Amino acid sequence: MKDFWKKANFKGHLLTAISYMIPIVCGAGFIIAIGMAFGGKSQDALVMGKFDFFQAMATLGGKALGLLPVIISTGIAFSIAGKPGIAPGFVTGLAAVSISAGFIGGIIGGYIAGWLAFAVLKYVKVPSWAKGLMPTLIVPFIASLLSGLLMVYVIGTPVAWFTDWLTRVLTGLNGASNLLLGAVIGVLSIVDFGGPINKTVFAFALTLQAQGINGPVTALQLTNTATPIGFGLAYLIAKLLRKNIYTQDEVETLKSAVPMGVVNIVEGSIPIVMNDIVRGIVAAGLGGMCEGAVLMTMTNGQGATVPFGGVLMLPTMGHNWWVGLLAIAVNVLVTGIVYALIKKNLTAEEVAGVSTASASQEEEELDLDDIQISE
């Protein structure tokens, strides 16, 4: 059984699909965030003459984000079966959207479509003259038909029921439950700085957002926004404490990591964390925990209507925009103070990036006069 799970590689295919999905989420998230920040609202249809520029932006971004189940399904199927899996994954993802199976339906549909496409490729035998049709016609047709019908008639209904149940449970959470959920999401979203754990939590949060529960994805993304800024604040606090906690190279990294964090790109801080990974994770985790708890409690589990954008997400939180700003401030303060306190004080040589051993060693010169060439 263990060998089956290893060969099936559920996690690997999901992470591959999420890596394909993230640029779409980022692009569409920025589009809808800018549109909604200037008063645009997503429309059901763009009828010429009946919408303005920012309504067009909000609608374009909203429609793209509404297709995330299709994108994740296509990505998983492609990861399993290669190009022949693209069409079945796309069709099955559309089926999941059509029956309101949501993000969970898209994930399950992607595995089914991918494995069916792989099975057709491996086990369906055709005459030699038809082999060229396998990847372009036979596999897409058979796998799309079977996986699409399975989604509509077999899998989709229980998945839709489960999604509806999960929505009701999370919508009914009280203050204490929201505090705990927010704290857990805040910690898990930052412990690996955009790695597999972050992406898994992101997939879970997107599932909830598809059902109108925006708090979890907002907690995750604002944690990603605040953490690099918190490391920047740690530099200033350390100076007040007369400590040197960063090397010269790390200070240069901060100059790009902080503005990257403002627009929700946490990976810029990875070079800093990798030099002191335990203290970095502790500081970032505590900051994320406090931020998630504040956000989920004070908004009663609600948040931004877009899943990406950093500070650009705040206008889409409506009258709760100040709560998002407060949550970011709490995270920045906690991360900055904790990291400045627990980080060790570096020596002048360490700040310059030169170790004591290397500083004491002189480079040995090569005396070319000692070289003899024999005939």
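The numbers here are math on the coordinates, done by the rules we state, and not lab data. What you are looking at is a predicted structure, and each value in this text was computed from that prediction instead of being measured. Please note: Cβ atoms are built from the backbone with ideal geometry, for glycine as well, and neighbour counts cover all protein chains shown.
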Notebook entry, point to check: When V263, V338 are ordered from fewest to most other Cβ atoms inside 10 Å of their Cβ, what list results?
Noted result: V263, V338
Next item on the list: Sort K343, K131, K125 so the one with the fewest other Cβ atoms within 10 Å of its own Cβ comes first.
Entry: K125, K131, K343
Note to self: Can you list residues from other chains, or at least 5 along the same chain, whose modelled amide H is less than 5 Å from the amide H of L67?
What the structure shows: none
Check: Can you list residues whose amide H is under 5 Å from G40's amide H, if they're 5+ apart or on another chain and H is modeled 1.01 Å from N?
Finding: none
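Over the stretch 2-171, consider all pairs of different Cα atoms and compute the Kirkwood hydrodynamic radius from their mean reciprocal separation; express it in Å, one decimal.
Values: mean 1/r = 0.0580 Å⁻¹.
It is 17.2 Å.
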Margin query: Pick from G27, G148, G61 the residue whose mean-square fluctuation is largest in a GNM of the chain, springs joining Cα atoms under 10 Å.
Written below: G27
Note to self: Stokes-Einstein diffusion coefficient for the stretch 74-205 at 10 °C in a medium of 1.306 mPa s, Rh from the Kirkwood formula over Cα pairs: what value in µm²/s?
What the structure shows: 97
Note to self: Could you give each residue of the stretch 54-63 its phi-based ³J(HN,Hα) in whole Hz, using Karplus coefficients 6.51, -1.76, 1.60 with θ = phi - 60°, and x for Gly or Pro?
What the structure shows: 6, 5, 5, 5, 4, 5, 4, x, x, 5
Next item on the list: Per residue of the stretch 12-21, in order, report the coupling 6.51 cos²θ - 1.76 cosθ + 1.60 (Karplus, θ = phi - 60°) as ³J(HN,Hα) in whole Hz, putting x for Gly and Pro.
Entry: x, 5, 5, 5, 4, 5, 5, 5, 6, 6
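Using the 10 angstrom Cβ neighbour count as an exposure proxy, how do Y339, Y153, Y246 rank, fewest first? Intermediate values should be presented prior to the final figure.
On the way: Y339 28, Y153 11, Y246 22.
With the sparsest Cβ surroundings first, the list reads Y153, Y246, Y339.
Taking the alpha carbon gyration tensor of the chain, what are the square roots of 5 times its eigenvalues, largest first, to the nearest whole Å? Mind dumping the intermediate values first?
Working: eigenvalues 364, 211, 73 Å².
For the chain, the semi-axes come out at 43, 32, 19 Å.
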Notebook entry, point to check: Calculated from DSSP H runs of 4 or more alone, at -39500 (n - 2.57) each and per residue, what is the 222 nm mean residue ellipticity of the chain, nearest 500?
Noted result: -22000 deg cm²/dmol
Next item on the list: Would you please report the Å³ per residue occupied by the convex hull of the alpha carbon atoms in the stretch 212-272?
Entry: 74
Check: List the lysines whose alpha-carbon lies under 29 Å from that of K83, not counting same-chain residues fewer than 8 positions away?
Finding: K2, K6, K7, K11, K63, K122, K125, K131, K199
Note to self: I need two numbers for the stretch 260-315: Rg to one decimal and Dmax as a whole number, Cα atoms only, in Å.
What the structure shows: 13.3, 37
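Give, in nm to one decimal, the length gained when the segment between A119 and A352 is fully stretched (0.36 nm per residue of separation minus the Cα-Cα distance).
Values: separation 233, 0.36 × 233 = 83.88 nm, distance 5.79 nm.
So the chain would gain 78.1 nm between A119 and A352.
Across the stretch 242-357, how large is the tail of the calculated P(r) beyond 23 Å, expressed as a percent of all Cα pairs?
It works out to 37 percent of all Cα pairs.
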